[in-house]
Amino acid sequence: MSAGGSCGQTPSRAIPATRRVVLSDGAQLPPGDYSTTPGGTLFSTTPGGTRIIYDRKFLMECRNSPVAKTPPRDLPTIPGVTSPPGDEPATEMNPNHLPNSHEDKPGSHEESQFEMDI
Amino acid sequence: MRPKLRSPDCLKDDDSGDHDQNEENSTQKDGEKEKSERDKSQSSNKRKAVVPGPAEHPLQYNYTFWYSRRTPGRPTSSQSYEQNIKQIGTFASVEQFWRFYSHMVRPGDLTGHSDFHLFKEGIKPMWEDDANKNGGKWIIRLRKGLASRCWENLILAMLGEQFMVGEEICGAVVSVRFQEDIISIWNKTASDQATTARIRDTLRRVLNLPPNTIMEYKTHTDSIKMPGRLGPQRLLFHNLWKTRLNVP
């Protein structure tokens, strides 16, 4: 990163406050010297132009904003796949086919995915 | 800033066949003009420019969700493109993504032989697309029960530009099969080893894969030449593509 003004598109920002990230396992370290930090990306821009970067945590938080909860107007009806508004009574879906709801069981996001035997 | 990924020809071929009967009516230039206006509005019905709403968080690229399903008991060759692959919709912001995602079932709850595809707007989830033809994909096979979670992590990383490989990412697929589920991420240049290595390492990080997880890279040209375990999907797309080209 140059100290000069070559990154014209990148607005200047204050240096973020120190953040402590606890690593329990070396595998959580980002590989190589990629422009990422453990626990998420620290800067949301990259040299050579702005790229819009979001970490998982931020994206998950946006899920709860009111606008994110409205189904899109042009969502096609595909039985067993999508659920446009007003479609619920007509199609009898078995419980396994219920769309993702925001009331997802709280545990469902915490379940371990380390049990893969591949 | 956004790369132009779709050639104008690709845009047209989606609509081909729709306007034949109109052509005879418009003999004059004015008629022609009117027709092209109409074409424009027709295709914009299908593909209205999707932009982030006010106060929404824009994404680096627009993306389109697709869904495909193989009808059981029928040879793939007799199936038309429209029957098998459906565009679910296109979004430009984080909030718009959630609007779609929250009203779609999770891949683990799909039945039968089906796939969700999430590709940059303008790239068809097919090997033959210009953006894909020199590309390839990382494949991870998952035992049943993991697909929903892994798919979510995969697409969040893609939408959030976590891969850090410039314009290389094309899209991601989750394939629900009988014994296992498969997730894959497609990139443009299969021969670019620095890119494919970086994608692999990012996948390990964002999916929290155990170090011994087997990851397989497959070029699309190999997929076309050699029937693999993804054979049915391969045939499906190959035949669909041919069907599309035969449209007069």
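The values are calculated or read from the model by the stated rules, or taken from the named source; none is laboratory data. Small disclaimer: the values here were computed from a predicted structure and weren't measured. Virtual Cβ from ideal backbone geometry, glycine too; neighbours counted across all protein chains shown. Just so you know, the surface numbers come from the protein's heavy atoms only, side chains and all, with ligands and any DNA or RNA stripped out. Shrake-Rupley method; radii C 1.70, N 1.55, O 1.52, S 1.80 Å.
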Give me the summed buried accessible area for the B-A pair, 1.4 Å probe, to the nearest 100 Å².
4900 Å²
With the cut-off at 1.5 for a/c, could you classify region B:58-221 from its C-alpha gyration tensor as rounded, prolate or oblate?
rounded
Per residue of region B:161-175, in order, report the coupling 6.51 cos²θ - 1.76 cosθ + 1.60 (Karplus, θ = phi - 60°) as ³J(HN,Hα) in whole Hz, putting x for Gly and Pro.
6, 7, 7, 6, 10, x, 8, 5, 6, 9, x, 9, 9, 10, 10
Nearest-0.05 FRET efficiency for B:Ile214 and B:Ala194, computed from C-beta distance (R0 22 Å):
0.55
Heavy atoms of B:Ser223: accessible area, 1.4 Å probe, square angstrom to 10:
0 Å²
Can you give me the accessible area per residue for region B:58-221, using a 1.4 Å probe, in Å²?
30 Å²
Please compute the length gained on full extension between A:Thr70 and A:Ala14, using 0.36 nm multiplied by the number of residues separating them and subtracting their Cα-Cα distance.
16.6 nm
Given B:Lys120/B:Lys225; B:Lys48/B:Lys124; B:Lys120/B:Lys144; B:Lys86/B:Lys225, the pairs whose alpha carbons are separated by over 20 Å
B:Lys120/B:Lys225; B:Lys120/B:Lys144; B:Lys86/B:Lys225
Just counting partner chain Cβ atoms within 10 Å, what average do the residues of peptide B:108-116 show around their Cβ?
3
How many Cβ atoms of partner chains, on average, are near each residue of B:86-96 if near means within 10 Å of its Cβ?
4
Per-residue mean of C-beta atoms belonging to partner chains within 10 Å, peptide A:69-79
5
Describe numerically, in nm with one decimal, the distance between label points set 7 Å from Cα along Cα→Cβ at B:Asp222 and at B:Val51.
4.4 nm
Just check region B:86-142 against the gyration tensor rule for me: Cα atoms, a ≥ b ≥ c as the square roots of the eigenvalues, rounded for a/c under 1.5, and otherwise prolate or oblate depending on whether a/b exceeds b/c.
oblate
